[in-house]
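Step one of this worksheet: look at the structure below.
The values are calculated or read from the model by the stated rules, or taken from the named source; none is laboratory data. None of these values were measured; they are calculated from a predicted model. Cβ placement follows ideal geometry from the backbone for every residue including glycine, while neighbour counts extend to all protein chains displayed.
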Amino acid sequence: MQVLGDNHVSHVKVARAYHNIGDARYCQLDLEGACLMHEKSLAIFLEVLGPNHPNVADAYNALGNVCKARGQFPEAREHYEKSKEIRIEARGLDHVDVAGSYANIGLVFQEMGSYDLALDLLEQSLEILVRALSEDHPRVVQVVDWIVELRIQRELRTLHEKAALVNQDTRS
């Protein structure tokens, strides 16, 4: 980071600025721009803070969000997994950010049609959040909503598969 000089605080501020711009571009659905900004942020955080810092976890999480929005589910999962491991190391298993990581990974599995894995991860997230927050906290309510939606999707898939078998049997 010779362009920025040797002041680590300046580097972190620049990385945070890239991260914030990435978030803004994500909200504007400029996913390519968001990805570029988050990659720059991650590179600076890694160089200045090392691979196990919570800011690095946040950068990986943001990249996961972008990849998920782009439909790049294996890449999103990889970023979310890295974020989760750093968050566990830095903050412990019962931190709300770890719960967020479990939820994000679960939502990726849901998108990939792996409903049982998704449900397990969302339930892990919920357990952490209920312990850390009140049961009526908005984050808890959101995860409960995702679990209900997931169970409905899973049941619909099961019913669809059964209907397909019945249709196949009646054609035979």
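Observations on the model:
- Within the range 142-154, none of the residues are under 29 Å from Gly50 (Cβ atoms), among the β-branched types (Val, Ile, Thr) and at pLDDT 95 or above.
- Taken together, the residues in the range 137-167 that are closer than 16 Å to Ala99 by Cβ and of a type in the set (D, E, K, R) amount to 2.
- Helices (runs of 4 or more DSSP H) lying entirely in the range 1-102 (those with 3 or more residues that are under 22 Å from Ile147 (Cα atoms) and either out of contact with any Leu (no Cβ under 9 Å at 6 or more places or on another chain) or outside the structural domain of Leu122 (by TED's automatic domain parsing) (or both)): 54-69, 73-91
- The sole residue among Asp97, Asp58 that is surrounded by fewer than 24 Cβ atoms within 10 Å (Cβ to Cβ), touching a Pro at 6+ places or on another chain (Cβ under 8 Å) and either at pLDDT 95 or above or at positive phi (or both) is Asp97.
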